[in-house]
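**Q** Structure provided below as structure tokens; questions to follow.
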Amino acid sequence: MAAWYATLFVAGSIAIVVLTYFLTAVSLEQRDQQIIHEKLGEYALVYERGGIGALTDLVRAQQSTAPERLFVRVLDRGSETVVLSGPEGWRPESLQMASLRLGDGTLVEVGKSTDAREDLLARFRAVLGLVTLSIVVIALGGGLLATQTAIAPIRRLIDAVSRIIRTGRTDARVPLAGTGDAIDELTSLFNAMLDKIEALVRGMHDSLDNVSHDLRTPLTRLRGTAETALAARPDPERYREALADCVEESDRVLVMLNTLMDISEAESGAMPLQREPVRLADVVARAVDLYHDAAEAKGVTLGAAADPAVVVSGDRTRLEQAAANLIDNAVKYTPAGGRVDVEAAREGDRAILRVRDTGVGIPAGEQPLIWNRLFRGDTSRAERGLGLGLSLVKAIVQAHGGTVDVASEPARGSSFTVALPILSPM
């Protein structure tokens with residue numbers, strides 16, 4: 001592209017130089033022609049007024065004093081030369097001539113040498129040649145500089161990609177030039193792509209670390225159950241109990257694996273979401289209906305208040321999963337006689353899903369930790385669980401572009417608030 005621009009620039013400059021030279025040459029020629037015709041008119045007027053004698057005196061006077069000496073010749077009707085003024089050294093082929101025949105048949109001829117004009121044009125050609133050469137050098141140098149400047153960001157991209165391929169590290173970033181042009185936009189998108197790749201890779205590493213750590217305990221229990229059954233005396237009933245325990249532990253492991261994978265997918269942005277307009281009232285109704293019997297059996301009052309006009313864009317199944325986990329925790333840690341309230345409402349431009357309980361509460365020191373995978377506080381160890389429910393809630397909510405937080409006091413209960421971008425009322 002730079003070569004094409006340089007070629008067009010040079011071609012345009014040469015065209016301008018040639019046009020300038022042509023116009024200058026034509027202008028000089030027209031000036032000489034004008035001088036010759038003015039002299040012809042002057043000589044004709046003098047001849048008509050004073051005759052050949054006056055014309056001769058005028059020609060001789062001008063030849064001795066005029067800065068530009070002209071060739072003058074006057075021929076009578078018999079083609080005899082009456083007046084002749086021709087400076088020595090002039091070549092006939094270098095004269096620009098014009099003639100005028102007077103009323104009595106006398107012919108007046110005036111000529112001007114083109115040597116001075118040609119000398120001026122020669123110097124002008126030399127100057128234009130230097131100008132053209134300078135233009136070519138500037139065009140090529142400027143084109144090379146522009147090319148190097150333009151491809152510098154691309155070379156930085158190439159270096160970054162080469163470094164990533166060579167080292168396998170995705171933490172390298174290409175610095176932005178701050179010009180806001182297309183190359184800068186491409187660099188920004190490339191860095192965003194690297195951020196996404198790095199997040200996915202980090203998510204996979206964390207998932208593998210968590211899975212390898214979290215599977216150790218249930219697999220140890222599974223192996224211990226099997227070894228205990230094998231070491232005892234043959235007893236079909238004992239074997240049946242051992243197999244039932246193994247199946248239960250296997251189910252627990254599968255639930256843990258599936259939940260960990262869901263959390264990892266959501267945190268890395270890889271969780272597939274089947275987005276559609278979803279009424280939070282429907283999500284609340286389904287989750288409350290799911291835990292109604294469990295709350296009733298425990299003696300906990302489960303209530304719901306949802307605005308049917310609050311609609312979000314989200315995956316219905318995942319949102320119901322998040323709501324169910326919050327309600328499950330609330331019912332689980334609320335003693336008999338307590339109460340759990342679920343609310344869906346609009347606050348500004350956000351859709352709010354709030355779960356309040358009158359349960360045991362969460363100590364202030366543990367509140368930042370409850371979102372971590374497999375974290376179980378002191379008050380929760382008495383209840384059966386994996387310690388993954390709140391981690392999954394946070395991951396699902398963030399995958400929907402929302403936030404979740406908690407406000408809690410020990411012995412007074414907790415309030416979990418999910419805020420999602422609102423879609424529109426239906």
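**Q** Mean separation of Cα pairs under 8 Å and 6+ residues apart, divided by the residue count of the range 129-219: what relative contact order is that in percent?
**A** 20 percent.
**Q** Right, another one. Given (1) 19.5; (2) 26.7; (3) 44.5, which label gives mean projected area of the Cα convex hull in nm² as computed from the coordinates?
**A** (3)
**Q** Please identify, among L200, L75, L145, the residue showing maximal mean-square fluctuation in a Gaussian network model of the chain using a 10 angstrom Cα cutoff.
**A** L75
**Q** Can I ask one more? Pairs of alpha-carbon atoms within less than 8 angstrom and 6+ residues apart define the contacts here; what relative contact order does the chain have, in percent?
**A** Once normalised by length, the contact order is 10 percent.
**Q** Shifting gears a bit: In the Gaussian network model of the chain, springs joining C-alpha atoms below 10 Å, which of A226, A344, A172 carries the largest mean-square fluctuation?
**A** A226
**Q** At a 1.4 Å probe, what is the % contribution of carbon and sulfur to the accessible area of the range 1-169?
**A** Its accessible area is 62 percent carbon and sulfur atoms.
**Q** Over all Cα pairs of the range 275-421, how is the pair count split among 5 Å bins, expressed in % and running from 0 up to the last occupied bin?
**A** Each 5 Å bin holds this share of Cα pairs: 2, 10, 20, 25, 21, 14, 6, 1.
**Q** Let me ask something additional. Roughly speaking, what is the stretch gain from R77 to A54, that is 0.36 nm per residue apart minus the C-alpha to C-alpha distance, in nm to one decimal?
**A** Difference between extended and current length: 6.4 nm.
**Q** Using only the Cα atoms of the range 182-268, what are the Rg and Dmax in Å?
**A** 21.6, 77
**Q** With each pseudo-label sitting 7 Å past Cα toward Cβ, what's the V18-D209 distance in nm, one decimal?
**A** Spacing of the two 7 Å Cα→Cβ label points: 7.2 nm.
**Q** Could you compute the net charge surrounding L55? Neighbours are other residues with a C-beta less than 14 Å from the C-beta of L55; K and R count +1, D and E count -1.
**A** It works out to a net charge of -2.
**Q** Considering only the other residues whose Cβ falls under 11 Å of the Cβ of D104, what net charge follows from Lys and Arg at +1 and Asp and Glu at -1?
**A** Local net charge: 0.
**Q** Shifting gears a bit: How large is the helix-only mean residue ellipticity at 222 nm for the chain, computed as the sum of -39500 (n - 2.57) over DSSP H runs with n ≥ 4, divided by its residue count, in deg cm²/dmol to the nearest 500?
**A** -21000 deg cm²/dmol
**Q** Between R346 and R223, how many nm apart are label points set 7 Å from Cα along the C-beta direction?
**A** Taking the two extended label points, one gets 5.8 nm.
**Q** Also: Could you tell me what percent of the accessible area of the range 275-421 is made up of carbon and sulfur, with a 1.4 Å probe and every protein chain present?
**A** Carbon and sulfur together cover 49 percent of it.
**Q** Taking only C-alpha pairs under 8 Å that are 6+ residues apart, what is the relative contact order of the range 182-268 in percent?
**A** Worked out over the range 182-268, it gives 44 percent.
**Q** Here's something else I'd like to know. Note down the net charge around A306, summing +1 for each Lys or Arg and -1 for each Asp or Glu among other residues with Cβ under 10 Å from its Cβ.
**A** Around A306, the charge tally is -2.
**Q** Which residues make up the longest stretch of the chain clear of GluC sites (Glu not before Pro) that lie in a DSSP loop with no more than 14 other Cβ atoms within 10 Å, not counting the sites?
**A** So the longest stretch without any such site is 89-382.
**Q** For the chain, what is the accessible area per residue in Å², given a 1.4 Å probe and the full set of protein chains?
**A** Ligands and nucleic acids excluded, the figure is 58 Å² per residue.
**Q** Highest GNM mean-square fluctuation, the chain, Cα pairs closer than 10 Å: which of V136, V312, V46?
**A** Result: V46 has the largest fluctuation of those listed.
The values are calculated or read from the model by the stated rules, or taken from the named source; none is laboratory data. The model shown is predicted, which means the values in this text are computed figures rather than measured ones. With ideal geometry, Cβ positions are generated from the backbone for all residues, glycine too; neighbour counts draw on all protein chains shown. SASA here: full protein model, heavy atoms, side chains in, ligands and nucleic acids out. Shrake-Rupley method; radii C 1.70, N 1.55, O 1.52, S 1.80 Å.
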